[in-house]
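Before any comments, here is the structure.
The values are calculated or read from the model by the stated rules, or taken from the named source; none is laboratory data. Quick caveat, the model's predicted, so the values are computed rather than measured. Glycine also receives a Cβ, built like all others from the backbone with ideal geometry; neighbour counts cover every protein chain displayed. Areas reflect the complete protein model, heavy atoms only, side chains present, ligands, DNA and RNA absent. Shrake-Rupley method; radii C 1.70, N 1.55, O 1.52, S 1.80 Å.
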Amino acid sequence: MRFTKIGVENFRTIEQCEVELAPGLNVLYGPNDHGKSTLAHAIRTALLLPYSSSEASELVPWAGDHVPTVALTFEDDTGRQYRVRKTFGSGSRGTATLHWSNHGSDWVQEKSNKEVEPRLREILGWGIPAPEGRGGPRGLPESFLTTALLAEQTKVEAILEQSLEQDRDDSGRLKLSTALKALAQDHHLRIALEVAQSETDKYFGAKGSRKTGAKSPFTAAAANIKALEDEVQELREAIARSAQVEAAIENLRSQRDALQERQHEALEARADASARRDKTVAIEKAQQAVAEARSVVEALQERRCRVTDKEEEFAGFEGTVGQFELELAAAREASRVAENQVRAAEEGLRAVSGGQAALTRRLRRAQIEKDVATIDSERAAAQTRFGMAEAALRKAGELAALEQSIGASERTLVGKREQLVSTQAGLQDLIIRRQALSDLAEFGRLQDARAAVARAEKEAEELRVAGERAEALRVEAAAELGRAGTRDLPSQSTVDAIAKLERELGRAEAALGGGVAVVLRPTRSLTIEGRIDGKPVAARSGAEEARFEASRSVDLRISDLVDVEVVAGDAAAREALAELQKRWFSEAAPVLEDADCADADGLRAARAGLDAALRSVAEKESEAGRLEARAAGLAGCLEKLSEERVELDRCSERVAGRDLTKAAAEHQRVVGKWAAVVERELEVIDSGREELQRRIVDEERATAKLEADLGALRAERTRLIEDLRSASESLGGAPDQLHSWLKTDIEAHDRRRSEAVDMIRALEQETTEAESVSKAALQVAVATAAQQASAVAHLGERIAGARAARDQARGELVVLRTQSEQDRPEEAERALRELQSVLAGLPAPAPVAFDHDVCRAEEACTRLGDEARHIEHELVVAQAQLEAQQGTVAREKLAELELALAREKDARVALEVEAESWKLLRDTLVEAESRGEQHLGRALVGTVAQHFGELTAGRYPGLELGPHLETEGIRAVGHVRSVDCLSTGTRDQLATVLRLAIATSTRSTIVLDDQLVQSDPERLRWFLGALAKAAETTQVIVLTSRKADYEAFDPQVAEKVRYIDLGQTLKRFGASRPSVVAARPQDAIRRLQNGSAPEELQETEIATSKAMAVERAAGS
Amino acid sequence: MNAGDNEVALTLVHTADWHLGKRFPQLGEEDGRKLTRARLDVVDRILGVADQRGADALLCAGDLFDDEKPSEDWWRGLATVLSKPRARNLPIFLLPGNHDPLTATSVWAPHHPFRGLLPKHVHVVDRDDFSYTLKDGAVLFGVPCRSSQSHRHLSEKIPQREPGDERIRIGMLHGSTFEMENYQTTFPIDVDAATKRGLDYLAIGDTHGYRNVAPSGSPPVVYPGAPEPTAFDEKDPGHVTVVFFTRSRRPRIEKVKVAQWTWEEAILGSMDELRSFCQRRDLVHRFVRLTVRITARPEEYAQAERLLRELRGTEACHGKVGMLLLDQELTLDTSDTEAVFAGASDVMRLAAAMLKERAEGPNRQVAEKALFHLYMLVQRASASRGA
């Protein structure tokens, strides 16, 4: 930021002052108590004091009721200019305005009154918060930067006691941080950060997450791992399958081994059982022999007993036979009596069956059976006629139902016919509506065709006009190009180079300045002509003394005798000028001559004019091109117009002769939408028409069917009527009457027949009962006779049995006695004892075993053999399965793949470590940098300490600045000492060095109000160098009463210094009004040339500037 | 030639486990390809040994391909090598192993184009009753593997020696003679199978190191091992066996090295060991699995990385080691970080201090690596400043 102008009126002691300020070093000098500090205060006031501040009352001059006014124009870092103007007065007399401008002209008011201060402080960024209104801090606000840049004369050292921490707003810290960051930028840190960021970018995205794209190293690593894991998984599965089969084989082998053991045990068990069974069989055989012997003995004993028993039995049979013969005689007598009784009963039964009563019953029955036959014949005839009557009645019922069907069908037919007529009427309506829509469509098309023709005609007209306009533009462009001329003007860079060379030439010529005076005292009459500072002078003749004065050079030709050239300045300046002139004539002059321009400004103007003309021509050519392109469509448009007209004719022909009145009315109603309406309605109508046509066909078909059905019904009715008539004739009466009569007749026949049957049954029952009584008596007699005969027979049998038994017993007794006489019981008993002895000597099996035990053992062996064969078979199958697996090979490959996988995972970890390490390094560097930036003192202390060391000739080489730029002290001999131990002058100088460092780092204007008065000449000289250096980048405003202190600059520096005599420019109350002085007329000229002179520029200034411009032009 | 050599009746070269087409997934693509190619190259050297020793037959006892369906490159390449002039009169017997079993679709199948490319002197053992009469009536029996694994004893298919049979009887099988518990055996071969079947030499293949597994005094049962190593844990790989039979059927075995590559494992625990290792001259044809566990100060760390780079090689130059499998655990010694970064700017020193502090936390590895990167950047900056 830099100030360009300060204007003050009625401000304390200043009645009026206006100063233009240069970008670099400005020395504003004036006598003591002339108002320098007031001017400095006016600057502070303009920038910092609210117009309504109560402190403004202190600004009012003593002389009269004036309104203090300050106006400051400044330029921010972006080149934008601001102008703040404040009047300090009570009520409406107090105002503030803030204007801005991009080029120093066309000022735009941005803020006014209360809005000015916040905006101003925002622009400044000096750590001053916006005014807080009533109750807030009053007066001039202070911050670290206001103290550094605009410190009052009496507060030189204030900066040494202040820090950024005291600022109430962070804008000052931000400004300084930004400035010092650039100042303190570590080149190596930058490189390191770039490398770290570049490496980090390889692995991470903008949001800090790992890259996952195809080119990401993580992706490749993950893909490798995934591929290996898949392979490993496949192999593991193969191995698992193989292991499963192997386990199965192992299991089968175990089973086989166990089975073989069991087989062995079973074989042993079978052998054991067989042995035991053999023992058991031997014992059994012995036991059997014993038993047989014993049974022989016992049989012998039994036979002896049986002889005795048989003898007793024979005696018993003899007694029984005698008893039975007595009983038989008694039974035979009883049987004879019973036979007599039977014969008597048979005689009674024969009497019942063959008597007179039986004959009567048979006659009666024959009569009744004859009646029944008659009744059956009559009933059959009646039944036949009844059937005919019943059939006739059914047909009569059918006829009645048929009549009802015919009536219903006739009603249905009538309804159908009505419905068909209605549907046909609806179809007719639709056809009429369709015709109306067709009219509407034709009318709509006709209207559209007319509109299209109108549009095409309009478009064709527009295109024709565009073509004419393009042609006119081409002509204008050609004319303008002709006006611009064909001068071969140099490029803008050449123009700039020539302008620069011209400025350098001007400076070189100015450097010769010092004045030249040539006095010629001719001894005779001579003609003298020549040039003064390059400008020709009028020739003079005679012998009088001639005096020529110039600022740089005098060239004279004296009567063809001699040419005299006198040039001011030292040799170096002359050589530089000569060199520049040489360059000018070789480089610039030919260009200017070619361009027909006097100087660089003319050349620049010509160049600008030519550029503007060329731009204008180009714009016109472009516009013409655009129009021509548009007009190129004219032919197509005309063709289209022709087509539209043909279409219109076609439409007109189609509607010729048709009454379209209704269509026109409807078109009026749906204008613009007629096509949609027609399309929509036609769709509906076509759909409805098809439906109606289909319905009509259906209904006609249904009506025809109904009519056919009705005809059939009527024919059937005729047939039935005929049948009924013939039935009546056959029956001889009305069927319905005959039907009931015949029914009653049949029922009467049925009753008579039933009564006859009952009578027959009664006759049969009577005969049966008489016979049953006789038969019962016979049966009793027969039964008694049979019983007696049976008793006789039974007794005969018993006697025979008893005799047989007696005879058998006698025979057996004879046999037994014969056998018994042959028995040898002693021998049998001896044999038994011998066998028992053998049995006792046989070994006993433990436990006993029999054939079935051996069989079971045999079966177990067989079963185990089967199981063994089964397991062997399964083993063979499992072996085959095992051979189909990849187990062994898979295990080998798995080991290798697992190693590879482990390596890939290690590689991924290494990759992640590499990636994370670069990220960590980047983050750490950023954090370290941030920490370094927070300590602003570190960034600034180097410059300040270096300058202070130079100033004090190394006496105070070390300086400590805190993180908030607070001055912590001077480091000397390893200790930090307070700056209070410095002398006042040194403290002032340290404060000024620090302020200059802050101002240059922030590129902000600094105001030094008589701050070096305490400096000795040596240090003052150093300061002049420091100020000159600072002024190269920063505006420095020095207010001093000792101008001479600031005149010891190097010439090159001095040339850039703007000295402003406040004695001339600042009017105190009671003094005459000064004029505005622009210390450097070139600036005024430049501003004039740029046309950017502010409106406030006084006429005097303009006049001065114009004069300087004229002078310069003359000099060049 | 001495008198004993004159008694040689039959000379055989016995090899196995070529594993042509084998991949090495733990290696990079280029290194893996080197090792894979070496497996075919060595076949040529084996033929050279046979030629040089005047062998009467070359017995290749299984696992000649790594897979039963190798890609065409491999079977065509092998057919080409076996068709070379130096092998023209040499009967060569190829036995399917458990890696390349004889199946209907394998490379050994009769209809496979590989079989069509094989010259007449090359015989594939593709029958269980395979036999071939060699020089002077010596007879070779072979039984192929027909699956990847099996519990079958293939030796049982070799006919036993008949009484009065005085021929030299050679057997050729592929399988495992191990009977260790929990060790997966496939195609088991009894160590005294030669004795049981009346063989004078049983040429077998499967394990990749040379071993004669026959009991003392019995006819040899020999694994020649893989002619090129396939793993670091193999004992004595890289040979073929040359067997000389005297007329009395007594074999004499010579082990001949044919491998191009030697596999080696090394563990280095200090910078001195690393430097010493780097000075070795025999690393060109070595495949080294190198484990580096070194704690180093930053400058040593940088040197270690440089040395390892020299060993490994870069895209621009070959490494000192033929092939390197590196297990690297370089730990940065951060004890004197302040001294190391003494010449650096304030910010760099501050960053180094922050990283050192983080290196004492849970994320040590990352922080150390970051600190090392910082060190290298500072060194580079110093170097550029010096330049």
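Here are a few things to note about the model shown:
- Among residues of the stretch B:343-352, those that are more than 26 Å from A:ALA910 (Cβ to Cβ), small (Gly, Ala, Ser) and either under 49 Å from the mean Cα position of the chain (by Cα) or within 8 Å of chain A (Cβ to nearest Cβ) (or both), counted: 2
- Screening the candidates B:PRO110, B:PRO96, B:PRO85, B:PRO119 for the property of being in contact with a Cys (Cβ under 6 Å, 6 or more places away or on another chain) and either free of Cβ contacts under 8 Å to residues at least 40 places away in the same chain or not aromatic (Phe, Trp, Tyr) (or both) yields one hit, B:PRO96.
- Exactly one residue among A:GLU960, A:GLU898, A:GLU968 is surrounded by fewer than 21 Cβ atoms within 10 Å (Cβ to Cβ), more than 9 Å from chain B (Cβ to nearest Cβ), farther than 30 Å from A:ALA148 by Cβ and more than 36 Å from the chain's Cα centre (by Cα), and that residue is A:GLU898.
- Of the candidates A:LEU936, A:LEU921, the single residue that is more than 9 Å from chain B (Cβ to nearest Cβ), closer than 21 Å to B:ARG349 by Cα and either crowded, with 19+ Cβ neighbours inside 10 Å or in contact with a Pro (Cβ under 9 Å, 6 or more places away or on another chain) (or both) is A:LEU936.
- Unique residue being part of a helix (DSSP H, G or I), touching a Ser or Thr at 6+ places or on another chain (Cβ under 9 Å) and either among the polar types (S, T, N, Q) or more than 30 Å from A:GLN885 (Cα to Cα) (or both) when the list is A:THR308, A:THR280, A:THR219, A:THR212: A:THR219
- Restricting the first member to the stretch A:742-757 and to residues that are at positive phi, and the second to residues that are loosely packed, with under 13 Cβ neighbours inside 10 Å and part of a helix (DSSP H, G or I), no beta-carbon pair is closer than 9 Å while six or more apart or on different chains.
- Which numbered condition A:VAL1038 fails, given (1) assigned to a loop (DSSP other than H, G, I, E, B); (2) open to solvent by less than 10 Å² (accessible area, probe 1.4 Å); (3) farther than 21 Å from A:SER177 by Cβ: (1)
- Members of the stretch B:80-110 found to be more than 22 Å from the chain's Cα centre (by Cα) and among the charged types (D, E, K, R), listed by number: B:LYS84, B:ARG86, B:ARG88
- Residue match in the stretch A:68-75 (condition: farther than 23 Å from A:VAL19 by Cα and either among the hydroxyl-bearing types (Ser, Thr, Tyr) or surrounded by 14 or more Cβ atoms within 10 Å (Cβ to Cβ) (or both)): no
- Hey, B:LEU199 buried (at least 20 other Cβ atoms within 10 Å of the Cβ), within 14 Å of chain A (Cβ to nearest Cβ) and not acidic (Asp, Glu) or not: no
- Some residue of the stretch B:130-138 being modelled with pLDDT under 95, within 27 Å of the chain's Cα centre (by Cα) and either aromatic (Phe, Trp, Tyr) or buried (at least 17 other Cβ atoms within 10 Å of the Cβ) (or both): no
- Test: residue in the stretch A:204-226 that is open to solvent by less than 40 Å² (accessible area, probe 1.4 Å), within 14 Å of chain B (Cβ to nearest Cβ) and touching a Leu at 6+ places or on another chain (Cβ under 6 Å): yes
- Reported count of residues in the stretch A:552-594, each being among the small types (Gly, Ala, Ser) and open to solvent by 90 Å² or more (accessible area, probe 1.4 Å), is 0.
- Just one of the listed residues (B:THR186, B:THR241) is β-branched (Val, Ile, Thr), in a loop (DSSP other than H, G, I, E, B) and within 19 Å of B:LEU95 (Cβ to Cβ), namely B:THR186.
- When B:ARG211 is tested against the conditions (1) open to solvent by 60 Å² or more (accessible area, probe 1.4 Å); (2) over 27 Å from B:SER147 (Cβ atoms); (3) of a type in the set (D, E, K, R), the lone failure is (2).
- For first residues located in the stretch B:353-369 and more than 8 Å from chain A (Cβ to nearest Cβ) and over 25 Å from A:ARG908 (Cβ atoms), partners that are open to solvent by 90 Å² or more (accessible area, probe 1.4 Å) and of a type outside the set (A, V, I, L, M) and lie 6+ apart or on another chain with Cβ distances below 8 Å form the pairs B:ALA353/B:GLU338.
- Assessment of the stretch A:673-689 against the conditions (more than 30 Å from A:MET388 (Cα to Cα), in a loop (DSSP other than H, G, I, E, B) and under 55 Å from the mean Cα position of the chain (by Cα)) yields at least one matching residue.
- Residue match in the stretch B:307-328 (condition: touching a Pro at 6+ places or on another chain (Cβ under 9 Å) and buried (at least 16 other Cβ atoms within 10 Å of the Cβ)): no
- Within the stretch A:872-884, residues that are at the interface with chain B (Cβ under 7 Å from one of its Cβ atoms) and touching a residue at least 60 places away in the same chain (Cβ under 8 Å) have Cβ atoms under 7 Å from residues that are part of a helix (DSSP H, G or I) and surrounded by 16 or more Cβ atoms within 10 Å (Cβ to Cβ) in these pairs: A:GLN879/A:ILE249; A:LEU882/A:SER242; A:LEU882/A:VAL245; A:LEU882/A:GLU246; A:LEU882/A:ILE249, counting only partners at least 6 apart in sequence or on another chain.
- Filter result for A:LYS226 (of a type outside the set (A, V, I, L, M, F, W, C), part of a helix (DSSP H, G or I) and within 30 Å of A:ARG863 (Cβ to Cβ)): no
- Those residues of the stretch B:17-44 which are in a helix (DSSP H, G or I), more than 14 Å from chain A (Cβ to nearest Cβ) and closer than 18 Å to B:GLY209 by Cα, in sequence order: B:ALA38, B:ARG39, B:VAL42, B:VAL43
- Residue in the stretch A:508-519 that is loosely packed, with under 14 Cβ neighbours inside 10 Å and outside any strand (DSSP E or B) present: yes
- Counting only strands (runs of 3 or more DSSP E) that sit completely within the stretch A:1-109, those holding 3 or more residues that are within 60 Å of the chain's Cα centre (by Cα) correspond to A:2-11, A:69-75, A:81-87, A:95-101.
- Residues that are within 14 Å of chain A (Cβ to nearest Cβ) and among the acidic types (Asp, Glu), drawn from the stretch B:303-327: B:GLU305, B:ASP327
- Breaking point among (1) within 14 Å of chain A (Cβ to nearest Cβ); (2) touching a helix residue (DSSP H, G or I) at 6+ places or on another chain (Cβ under 8 Å); (3) at pLDDT below 85, for B:VAL340: (1)
- Scope the stretch A:585-606; condition touching a Cys at 6+ places or on another chain (Cβ under 9 Å) and closer than 20 Å to A:GLU480 by Cα; matching residues: A:LEU603, A:ARG604, A:ALA605, A:ALA606
- For the residues A:ARG241, A:ARG168, A:ARG190, the requirement of being basic (Lys, Arg), surrounded by 17 or more Cβ atoms within 10 Å (Cβ to Cβ) and either assigned to a loop (DSSP other than H, G, I, E, B) or out of contact with any Leu (no Cβ under 7 Å at 6 or more places or on another chain) (or both) singles out A:ARG241.
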